[in-house]
Amino acid sequence: MQSIHRWLYYHWLVVLDLWRLRRSFLLHVVIVAGICLPILILGALKRGHVAQLREDLLKSVTGRQVIAYAAQNGRMLESGDLSDFCRDLPNVDIVLPETFRAVLLRKAGIAEGGHEATVYATLPGDPMLQELGVSGPQDHSDTIVLSRALADKVGLAVGEHVDVVLRRKQAGKADSAIVSFTVSGVFDASSVGGNIGYIHLSAIEDIERYVRGNAVKRWTLPTFAGMSAADRYAGYIVFCRNNDDLRPEDMKTLSDRALDVLPATPSDMELLGRLLKDGFADRLKVYRVMARQTTENRHRRLAITPSDVTALTLAEDDIAIPWNEPFTRNLDGSDYLLLGLSFPERRWLRGEFCEPSLAFVTDAGRTPAEFSVKFPDSLSAADRTAVSLTVSPSVSATLKVLVPPPAEPVGDGAVTDLEPVVVVDTNTKPLAVVPAPLLAHLDALERGEAIFDPQTETFSPVPIPPNYDKLRIYATSIDGVPAVVEVLREQGYGVTSEFTRIKEIHDQDASLALLVQIVMWGVLLFGIITVSIVLIDSTDRKSKTIGIMRIMGVSSPAVSYMVMLRAAIIGVCAAGIAALFGWVFCEFLSWNPVVQLTAQSEPSWWTTLLKLKPIALAKLDLWQDRAFLAATVGCSVLGSFIPAIKASRLDPFDAIIQSRGG
């Protein structure tokens, strides 16, 4: 307890000594503050210079914008990939595809005219629109943001409706549609001129689907008239007469072209037996030609024509018909086995059918409607002109029922006495013959390679998701741009950004920081020496006091402690004064008197003098400069080491005698 009181007493003695010698104390404080103040101001000037370099980039969102191009190696992106792509990049705020579409805009209610415009894709939170002072379209909303120039031309204001005219053209046919949008914002910007607007990315993608000919459910727009999915087949059934069979070289030729030739399967022969005359197996050779299946493509389909198959063989009169496996579909509430059967009319093969006109004709100019059906069983076609085909559980299509006409001689064989139509066993599903393309499209629908549009009753290709080869990427700050650029370049993307300017700013910041540190250590070293000399002189002049304290029982460590405590107090006060004067000096340097002086009509000598004042942005941040302030205290404490050691080793009697002699 006594030791605690003793040490508290030592603190009190230091305070009393500082008060007694306050003029000397203030002088020491000013010396230390004067040594460290230049470091503080130099750091503020460095920070202000870097901030000024960053200011131009920070004023515009282009400072943190990175444009990425797929180029040769970069991966093309779909809209569904954007979230994953954004997650893989460091310090990224948002990723926007840079895509656009030309449209015609006119005010709602006006039937003619309009203005050509370019609409760009955007997403909620687009920094560019935020900089322009408007909020972008919300998710899946039919809203549009227009430039002032375009809004004035069309005569639109916020909240009004505008008709967007979409146009498409394929194979010499043209089509158009009108979609209504609501104007959600109008922006003014000198840097963004012309007839431009912004709509949600999903709307741009739907416009792209429409232009490509696909249906758009969002706006109930149908598939382009005449557009149809490609009819692809699992293989071909090849019929040869006994005296004109396929030869081994035919098999090799087809095999060399990745086509496998196999005898018709028992199920094929059984199905054909329901349509062909009795004994056809003795008169004909039947083969199935299929695409060679691979591990990567187990359900490969053929898109070649039947004539392409027969042209590869040496047989003179073989016939190939496109073939897909029949499958069950519901017609007017009853299940039927749909069989696709189409080939040219005047061929000898028709003479082998019990009903020659049952197969659909593929001759030019005589191709029937795709949505047609013929029934081998006359009872199925009785009193029916159309039947409903269940395409999917919730979608149906109408098939026109065609009744085969009376038989006539066909090909090179005359059919006079036709055999009666085969009676279908009650245990077997009834047959319904449809054009081969219809069965191919139903097969493609099952495999997800086609879609059915109930509005136009057409099969169309599955819409290809739009691919984006150009992206607008925004980093969370300009400091994050270099990391984003580095990752994009590693992934093979071409990049355009303010990377060079930002790197220059970072390099200057690092160089100036190094300069400040070099100056700081040089000044601190000089300060430590200066403080040490000043305190040694002060200690020598107080040798009598120190000698009396030693005689009174103050130990050597206590004397050293009091000397260092005195130096620490000087350092703390010097740091406070340096911070105060540093702030005043920085404000004075940053102050621009010209702004206030321009309002004065009569200049005076002092206004002229103030105009000569240097102007520099100096930003003092005490939290970031805490190391400099701590260095001020450290400079004072380190400078007191030698005086403290000297004071602790001072002999008390010699000190008193020397002080008297002095």
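If the condition is being in contact (Cβ under 8 Å) with a residue 24 or more places away in the chain, surrounded by fewer than 20 Cβ atoms within 10 Å (Cβ to Cβ) and not small (Gly, Ala, Ser), then segment 108-122 contributes Ile110, His115, Glu116, Thr118.
Kindly evaluate Ala230 against the criterion of being crowded, with 20+ Cβ neighbours inside 10 Å, of a type in the set (Gly, Ala, Ser) and touching a residue at least 40 places away in the same chain (Cβ under 8 Å). Considered against the rule, which asks whether it is crowded, with 20+ Cβ neighbours inside 10 Å, of a type in the set (Gly, Ala, Ser) and touching a residue at least 40 places away in the same chain (Cβ under 8 Å), Ala230 comes out as no. Assess whether Ala579 counts as being part of a loop (DSSP other than H, G, I, E, B) and either surrounded by 15 or more Cβ atoms within 10 Å (Cβ to Cβ) or modelled with pLDDT of 75 or more (or both). Taking the combined requirement at face value, the residue does not satisfy it. Looking only at segment 146-166, how many residues end up being without any contact (Cβ under 8 Å) to a residue 40 or more places away in the chain and either assigned to a strand (DSSP E or B) or under 26 Å from Leu221 (Cα atoms) (or both)? Qualifying residue count for the region: 1. For segment 144-155, the criterion of being of a type in the set (Ser, Thr, Tyr) and over 26 Å from Lys169 (Cα atoms) is satisfied by at least one residue.
Being of a type in the set (Phe, Trp, Tyr), assigned by TED's automatic domain parsing to the domain that holds Glu370 and outside any helix (DSSP H, G or I), is that true of even one residue in segment 273-283? No, there is no match, as no residue in segment 273-283 is of a type in the set (Phe, Trp, Tyr), assigned by TED's automatic domain parsing to the domain that holds Glu370 and outside any helix (DSSP H, G or I). Name the residues in segment 356-397 that are assigned to a loop (DSSP other than H, G, I, E, B), modelled with pLDDT of 85 or more and closer than 30 Å to Asp244 by Cβ, would you? Ala359 - this is the single residue of segment 356-397 that is assigned to a loop (DSSP other than H, G, I, E, B), modelled with pLDDT of 85 or more and closer than 30 Å to Asp244 by Cβ.
For the residues Ala436, Ala444, the requirement of being assigned by TED's automatic domain parsing to the domain that holds Cys354, within 35 Å of the chain's Cα centre (by Cα) and modelled with pLDDT of 70 or more singles out Ala444. Residues satisfying the criterion are absent from segment 136-144 (criterion: buried (at least 20 other Cβ atoms within 10 Å of the Cβ), over 27 Å from Asp469 (Cβ atoms) and not basic (Lys, Arg)). Here Phe181 meets each of (1) touching a residue at least 40 places away in the same chain (Cβ under 8 Å); (2) part of a strand (DSSP E or B) with one exception, condition (1). When we screen Asp142, Asp84, Asp93, Asp126 for residues that are more than 26 Å from Arg209 (Cα to Cα) and not β-branched (Val, Ile, Thr), the only hit is Asp93. All told, Val261 meets the bar of being β-branched (Val, Ile, Thr), buried (at least 19 other Cβ atoms within 10 Å of the Cβ) and in the same structural domain as Trp323 (by TED's automatic domain parsing).
The values are calculated or read from the model by the stated rules, or taken from the named source; none is laboratory data. Keep in mind the model is a prediction, meaning the values are calculated, not measured. Cβ atoms come from the backbone with ideal geometry, glycine included; neighbour counts cover every protein chain shown.
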